[in-house]
1. Could you list, in sequence order, all residues of segment 47-71 that are among the hydrophobic types (A, V, I, L, M, F, W, C) and modelled with pLDDT of 90 or more?
2. Consider only pairs whose beta carbons are under 6 Å apart and that are at least six residues apart or on different chains; among these, list those whose first residue lies in segment 130-141 and is under 20 Å from Lys27 (Cβ atoms) and whose second residue is outside any helix (DSSP H, G or I).
3. Can you find a residue in segment 58-71 that is out of contact with any helix residue (DSSP H, G or I) (no Cβ under 6 Å at 6 or more places or on another chain), among the hydroxyl-bearing types (Ser, Thr, Tyr) and under 16 Å from Leu134 (Cα atoms)?
4. Looking at this structure, is Ser173 part of a helix (DSSP H, G or I), over 20 Å from the mean Cα position of the chain (by Cα), polar (S, T, N, Q) and not assigned by TED's automatic domain parsing to the domain that holds Arg34?
5. Looking at (1) assigned to a helix (DSSP H, G or I); (2) surrounded by fewer than 17 Cβ atoms within 10 Å (Cβ to Cβ); (3) at pLDDT 90 or above, can you tell me which one Ala44 breaks?
Amino acid sequence: MTETKDEHLMTAYGEGDSSAFAILYEKHKGPLYRYFIRQLHCRARAEELYQETWVRVIDSRDEYQAKAKFTTWLYRIAHNLMVDEHRKMKSQSNWLKQAQWDEEPSTTNDNVDIGSAIKACVTKLPHSQKEVFLLRHDAGFSREDICTIIAAKPETMKTRLRYALDSLRQCLSKKLGVSDGE
């Protein structure tokens, strides 16, 4: 693998260059935070896991090796924290009841709240489908990177993504009053 700027920065940080970490943090803080907030819908918990991810990056700086892209490695850490969080939330059985999106919805001329409809439909996806969908369409990861992040085979990732898109299509059709044939 050819080292990119991010991998070079992380290696430099591991060698003691704290300014390299500052650059990485500044570059990735927004997308990483959105990754958590869009899955958890709870600002406080998203903030905690977001911070925990960066703590783990800091703690791993000496052992970091550029075997994969930095973003893949970063989101693998985040994914592992999300897996633990979902296990914890499932045992509490109330995490979906607390779901709230923090962003303002968009509307059309027909006063149909498309933003809220999309968010509501994404919220209903099973965790494995929601995560793949958000990694692909919100964070912009390649399919190969998503497989690395979630530790799944390409077929598994493609199936989850296909099911997510099918479910979203059906849900949005119902919410927006559009038939599947239109």
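1. Across segment 47-71, the qualifying residues are Leu49, Trp54, Val55, Val57, Ile58, Phe70.
2. Leu135/Phe141
3. yes
4. yes
5. Evaluating Ala44 over (1) assigned to a helix (DSSP H, G or I); (2) surrounded by fewer than 17 Cβ atoms within 10 Å (Cβ to Cβ); (3) at pLDDT 90 or above leaves (3) as the failure.
So that you can scan it fast, the table gives a plain yes or no per residue for (1) closer than 17 Å to Phe36 by Cβ; (2) at pLDDT 90 or above; (3) surrounded by fewer than 18 Cβ atoms within 10 Å (Cβ to Cβ); (4) assigned by TED's automatic domain parsing to the domain that holds Tyr33:
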| residue | (1), (2), (3), (4) |
| --- | --- |
| Leu81 | yes, yes, yes, yes |
| Thr108 | no, no, yes, no |
| Asn111 | no, no, yes, no |
| Ala120 | no, no, yes, no |
| Thr123 | yes, no, yes, no |
| Asp138 | yes, no, yes, no |
| Ile149 | yes, yes, no, no |
| Leu168 | no, no, no, no |
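The values are calculated or read from the model by the stated rules, or taken from the named source; none is laboratory data. Here the structure is a predicted model, which means the values were calculated and not measured. Counting neighbours? That spans all protein chains shown, and the Cβs are built from the backbone with ideal geometry, glycine included.
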